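Novice: After the structure tokens below, expect a handful of questions from me.
Where a number appears in this text, it was derived from the coordinates with a stated rule and is not lab data. Every value quoted in this text rests on a predicted model; they were computed, and no experiment measured them. For neighbour counting, all protein chains shown are included, and Cβ atoms are generated from backbone atoms with ideal geometry for every residue, glycine included.
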Amino acid sequence: MATQRTFSIIKPDATRRNLTGAINAKIEEAGLRIVGQKRIHMTKAQAEAFYAVHAERPFYNDLVSFMISGPVVVQVLEGENAVAAYRQVMGATNPADADEGTIRKAFAESIEANSVHGSDSDENAGIEINHFFTEDEIVG
Ligand code: CMP
């Protein structure tokens, strides 16, 4: 597998607890490079558009409210097999199911306040990166 990019969000529960550096350390220890990064406060429209795929799910409104409850750090990560590599570092969506050593096992508070988001496919990584980054903001 060649070098690939994935999209990451450090969520409001993590920025509130000052965990950006600790999460970035786990990302870098896993061999992923942070080639784009900015701290933003998502608008409601941005959060709704980003999670549109979940619009029919019962947790959608709460998820959108949570994602705009504080600042987030949006990131582009680059490395070998980056989509799968980052999903492994993040751990399972529900921290109760996450393996030892993963970001969610270490830091997540709940299935909603689960500290990080990562793309689930190469195609979605491209789409998600384009939601928040222009090509000149990504420096490999
Ligand atoms: P994320 O990877 O950002 O993608 C969708 C998010 O919905 C997910 O992480 C969870 O934080 C959140 N979520 C909240 N409730 C649920 C649920 N019951 N099942 C799956 N995801 C949920």
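Novice: Would you kindly identify the strands (runs of 3 or more DSSP E) lying entirely within the stretch 1-116 that contain at least 2 residues that are within 10 Å of the ligand (Cβ to nearest atom), among the aliphatic types (A, V, I, L, M) and touching a residue at least 60 places away in the same chain (Cβ under 8 Å)?
Specialist: On the way: elements: 3-10, 33-40, 72-80.
Ranges flagged: none.
Novice: I need the full set of residues from the stretch 10-39 which are closer than 19 Å to Q88 by Cβ and either surrounded by 22 or more Cβ atoms within 10 Å (Cβ to Cβ) or not hydrophobic (A, V, I, L, M, F, W, C) (or both), in order please.
Specialist: I10, K11, A14, I23, N24, K26, I27, E28, E29, G31, L32, R33
Novice: Within the stretch 97-140, can you find the residues that are of a type in the set (A, V, I, L, M) and more than 20 Å from A47 (Cα to Cα)? Walk me through how you get there before you give the answer.
Specialist: Just the residues of the stretch 97-140 that are of a type in the set (A, V, I, L, M), to begin with: 98, 103, 106, 108, 111, 113, 116, 125, 127, 129, 138-139.
Correct list: A98, I103, A106, I138, V139.
Novice: Output yes when any residue across the stretch 87-103 is aliphatic (A, V, I, L, M) and in contact with a Phe, Trp or Tyr (Cβ under 9 Å, 6 or more places away or on another chain), and no when none is.
Specialist: Scanning the stretch 87-103 turns up no residue that is aliphatic (A, V, I, L, M) and in contact with a Phe, Trp or Tyr (Cβ under 9 Å, 6 or more places away or on another chain).
Novice: Residue by residue through the stretch 117-140, note down the ones that are surrounded by 14 or more Cβ atoms within 10 Å (Cβ to Cβ) and outside any helix (DSSP H, G or I).
Specialist: Answer for the stretch 117-140, where residues must be surrounded by 14 or more Cβ atoms within 10 Å (Cβ to Cβ) and outside any helix (DSSP H, G or I): H117, G118, S119, D120, F133, I138.
Novice: Among the residues in the stretch 61-79, are any buried (at least 19 other Cβ atoms within 10 Å of the Cβ) and of a type in the set (S, T, N, Q)?
Specialist: yes
Novice: Of the residues that make up the stretch 40-53, is at least one surrounded by 14 or more Cβ atoms within 10 Å (Cβ to Cβ), at positive phi and more than 13 Å from the chain's Cα centre (by Cα)? Walk me through how you get there before you give the answer.
Specialist: Quick first cut of the stretch 40-53, residues surrounded by 14 or more Cβ atoms within 10 Å (Cβ to Cβ) only: 42, 46-48, 50-51.
From what's left, at positive phi: none.
No, that holds for no residue.
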